[in-house]
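A.B. asks: Sharing a structure, written as structure tokens. Questions coming.
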Amino acid sequence: MKLMGDIQQAQLDWELIYIGRKRMRVREPEKAVPNVTNLVEADYSYWTLGYAISFQGAQKLIGAEPFSKMLPVDEFLPVMYNKHPVAKYMEYYESRDLKAFSAEPLLVYPMHYTGQPGYLSDTETSTIWDNETVSTDWDRAHSWKSRQHGKIHSDAQNKDALPSQSPLNAPSSRDEL
């Protein structure tokens with residue numbers, strides 16, 4: 001796989017690499033990784049669709065004792081690389097230095113998105129675990145988060161991570177990964 005070869009050649013010290021996710025902060029681009037095409041430093045993300053974890057990264061995640069604090073994985077991972085916007089979640093984890101990156105463009109995508117026919121989620125349209133009458137903020141028809149984030153703004157696209165190509169012989173970046 002070209003991306004992993006480039007990471008190895010650059011001797012990048014990594015612990016988590018998303019290959020499928022949902023960017024939650026879409027107003028600014030993520031920082032491109034020097035000397036590694038198609039890789040960015042991961043910001044706050046959801047939808048842990050696909051990822052690679054190094055042995056050291058796995059040890060860090062297990063060492064944080066996540067089962068004693070029961071935070072959903074989509075919240076836990078950004079806490080561990082210190083990019084979660086909710087300070088209260090971060091208070092429970094002393095060490096938050098996981099080295100997290102993301103493929104850009106992504107290599108894995110969901111088949112269905114929130115509210116589409118065939119969509120199924122055990123978190124986004126759920127209720128509070130101990131009170132089935134209290135819904136989370138994910139309303140299929142009027143999702144607050146979906147309206148707030150919308151599409152990635154053009155000035156927030158991670159263009160610095162993409163290879164420069166001439167329009168005549170530009171293969172899809174996805175094919176090269």
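All of the numbers you see were taken from the coordinates with simple rules; none came from a lab. Please read these numbers as outputs of a predicted model, since none were measured by experiment. Virtual Cβ from ideal backbone geometry, glycine too; neighbours counted across all protein chains shown.
A.B. asks: Put a dot 7 Å past each Cα toward the Cβ at D97 and M4; how far apart are the dots in nm?
C.D. replies: Spacing of the two 7 Å Cα→Cβ label points: 2.7 nm.
A.B. asks: For an R0 of 22 angstrom, estimate the FRET efficiency from the Cβ-Cβ distance between R27 and L162 and round to the nearest 0.05.
C.D. replies: 0.70
A.B. asks: I need two numbers for segment 24-125: Rg to one decimal and Dmax as a whole number, Cα atoms only, in Å.
C.D. replies: For segment 24-125, the Cα radius of gyration and maximum Cα-Cα distance read 14.6, 41 Å.
A.B. asks: Measure off 7 Å from each Cα along the Cα-to-Cβ vector at K88 and S54, then give the distance between these two points in nanometres to one decimal.
C.D. replies: Between K88 and S54, the label points sit 3.4 nm apart.
A.B. asks: Between M70 and L120, how many nm apart are label points set 7 Å from Cα along the C-beta direction?
C.D. replies: Placing both labels 7 Å along Cα→Cβ, they lie 2.4 nm apart.
A.B. asks: Now for a different question. Pairs of lysine in segment 31-127 with Cα under 17 Å and at least 8 positions apart or on different chains: total?
C.D. replies: 7
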